[in-house]
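So the structure is just underneath, and the comments pick up after that.
The values are calculated or read from the model by the stated rules, or taken from the named source; none is laboratory data. Worth saying up front: this structure is predicted, and the values here are computed from it rather than measured. Here Cβ is always computed from backbone atoms with ideal geometry, including for glycine, and neighbour counts include all displayed protein chains. With ligands, DNA and RNA removed, areas are computed over all heavy atoms of the protein, side chains included. Shrake-Rupley method; radii C 1.70, N 1.55, O 1.52, S 1.80 Å.
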Amino acid sequence: HLKDGYAQAILVNSGNANTCNANGIEIAEQMCELTQKFTGINKKDVIVASTGVIGQPLSIEPIADGMDALVKGLGDNSDDAAQAIMTTDTVKKEIAVEFEIDGKKCVIGGIAKGSGMIHPNMATMLGFVTCDANISSDTLQLALSQNVEKTFNQITVDGDTSTNDMVLVMSNGCTLNEEILPDTPEFDKFSKMLNFVMQELAKKIAKDGEGANKLIQVDVVNAPNALDARMMAKSVVGSSLVKTAIFGEDPNWGRILAAVGYAGVDVPVDNVDIMLGGLPVMLASSPVSFDDEEMKDIMHDDEVTITVDLHAGHEKGTAWGCDLSYDYVKINALYHT
């Protein structure tokens, strides 16, 4: 249903992944048929998404029983949808941005879910973005592909991926602007707005990691190339030792340096700076003293930024994650029961 780049409806169920089941494809097809029956939309233009426990049979009955109410409830109910797709999420994840193309107001809005088994490409996350700009499917795919690497693929909660992931962008063209074409200022503006929506949703997923208390942002700056910078940032933010240090509010820069080293990227080892919240803990690959009280305030914040300066180029990469707490173990030890 994705292949032709055209869709009119998304049907989502939460609590059951509908995967590793003998009749999983049959259930997904029935969901599309139900959508066609109740809306008149061709079943081939329906996208199905499921999230939840793996390997549990999914009954079509509650979905069939709820279709009439679902269709009657179509409208300005994004907030309800954002809540409905949550599993172990503790907060809804939604964002919208308004901008102008050709003097006409355009809106891009998105909802997402994700809390555990997050280490994209892409992991246990669902993201649905809709807009009203006049843009072709191919151009929309181009904008999505350019931005997903810098947003959803740069978050990690626990280093685990899963069977169920999706990010979907749909546009209905209702704004009636001149069609947005690649390699134009209009495309650049649209792509920038899409990036903002996707990045905010990605950060919300990272901050709401299972059992998390803190959002961690890692910026790798002055790198030889952007890909190396992104991979190094993700290596640091994905380190269990870094994550537990942030949870314990311990400025253990040695763990950060180790994650820089095993990122699989060539690093100039003699000139690396590391900063926590802007406060240097290493300069030119040598430790420096810092004010304990100032560091305590930085580490106690619910958002902690780690900056790694390689002094080896002009590119930057960013990744987002969360601390690793006792509650993460509790949630996942009891997840199935």
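Hey, does the range 9-24 have a residue that's under 28 Å from Asn332 (Cβ atoms), open to solvent by 40 Å² or more (accessible area, probe 1.4 Å) and touching a helix residue (DSSP H, G or I) at 6+ places or on another chain (Cβ under 7 Å)?
Yes, that holds for at least one residue.
Quick one: count up the residues across the range 167-195 that are open to solvent by 30 Å² or more (accessible area, probe 1.4 Å) and touching a Ser or Thr at 6+ places or on another chain (Cβ under 9 Å).
Number satisfying all stated conditions: 7.
Could you list, in sequence order, all residues of the range 197-209 that are open to solvent by less than 10 Å² (accessible area, probe 1.4 Å) and either of a type outside the set (Gly, Ala, Ser) or under 8 Å from the mean Cα position of the chain (by Cα) (or both)?
Within the range 197-209, Val197, Met198, Leu201, Ala202, Ile205, Ala206 qualify.
Check Gly73 against each of (1) in contact (Cβ under 8 Å) with a residue 24 or more places away in the chain; (2) farther than 22 Å from Thr88 by Cβ; (3) open to solvent by less than 50 Å² (accessible area, probe 1.4 Å) and name the one condition it does not meet.
Tallying (1) in contact (Cβ under 8 Å) with a residue 24 or more places away in the chain; (2) farther than 22 Å from Thr88 by Cβ; (3) open to solvent by less than 50 Å² (accessible area, probe 1.4 Å), Gly73 fails exactly one: (1).
Is it the case, given these coordinates, that Asp292 is touching a residue at least 12 places away in the same chain (Cβ under 8 Å), open to solvent by 60 Å² or more (accessible area, probe 1.4 Å) and of a type in the set (D, E, K, R)?
When the stated conditions are applied, Asp292 does not pass them.
Tell me yes or no: at least one residue of the range 215-229 is over 12 Å from Val308 (Cα atoms) and touching a helix residue (DSSP H, G or I) at 6+ places or on another chain (Cβ under 7 Å).
Yes: one or more hits.
Taking the condition of being open to solvent by 30 Å² or more (accessible area, probe 1.4 Å) and assigned to a loop (DSSP other than H, G, I, E, B), how many residues in the range 143-158 meet it?
Number satisfying all stated conditions: 3.
Would you tally the residues in the range 295-337 being in a loop (DSSP other than H, G, I, E, B) and open to solvent by less than 60 Å² (accessible area, probe 1.4 Å)?
Residues meeting the conditions: 6.
Output the helices (runs of 4 or more DSSP H) that fall wholly within the range 1-117 and possess 1 or more residues being on the phi < 0 side of the Ramachandran plot and among the hydroxyl-bearing types (Ser, Thr, Tyr), or say none.
24-39, 78-84
Anything in the range 221-257 that is assigned to a helix (DSSP H, G or I), surrounded by 21 or more Cβ atoms within 10 Å (Cβ to Cβ) and among the hydroxyl-bearing types (Ser, Thr, Tyr)? List them, or say none.
Ser235
Please go through (1) in contact (Cβ under 8 Å) with a residue 24 or more places away in the chain; (2) touching a Pro at 6+ places or on another chain (Cβ under 8 Å); (3) of a type outside the set (Phe, Trp, Tyr) for Ala319 and return the number of the only condition it doesn't satisfy.
(2)
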